[in-house]
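The values are calculated or read from the model by the stated rules, or taken from the named source; none is laboratory data. Every value quoted in this text rests on a predicted model; they were computed, and no experiment measured them. Cβ sites come from the backbone with ideal geometry, for glycine too, and all protein chains shown count toward neighbours.
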Amino acid sequence: MDDMLDYAGAAELTGLARGTLRSMVARRQIPHIRLGARLVRFQRKDLERWLRQRLVPSKDGRTQPQVPEVPASAETGAFARHPAKVSA
């Protein structure tokens, strides 16, 4: 399967907190793949489609929000929301 994301990658792509994603997975409100009792992955294309389905056009109808581009390396946690602080 192409471009599988863990919770950290899915959080970066969607802008949702990992806890929110876990809650949405439990309620089946977001597309996901369950590989085990506690192992969940997300397909990038499914999340991007899910986000596009939720776009709300502006009142003037001229502009459409864009789904943000996130590098594929986001699934490794390289783009964590709270990176470790580096001491001087």
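Candidates in region 2-56 are the residues that are of a type in the set (Lys, Arg) and modelled with pLDDT under 95; of these, the one that is surrounded by the most Cβ atoms within 10 Å (Cβ to Cβ) is ARG52.
Could you tell me whether ALA10 is within 10 Å of the chain's Cα centre (by Cα) and either of a type in the set (Gly, Ala, Ser) or part of a helix (DSSP H, G or I) (or both)? It is true that ALA10 is within 10 Å of the chain's Cα centre (by Cα) and either of a type in the set (Gly, Ala, Ser) or part of a helix (DSSP H, G or I) (or both).
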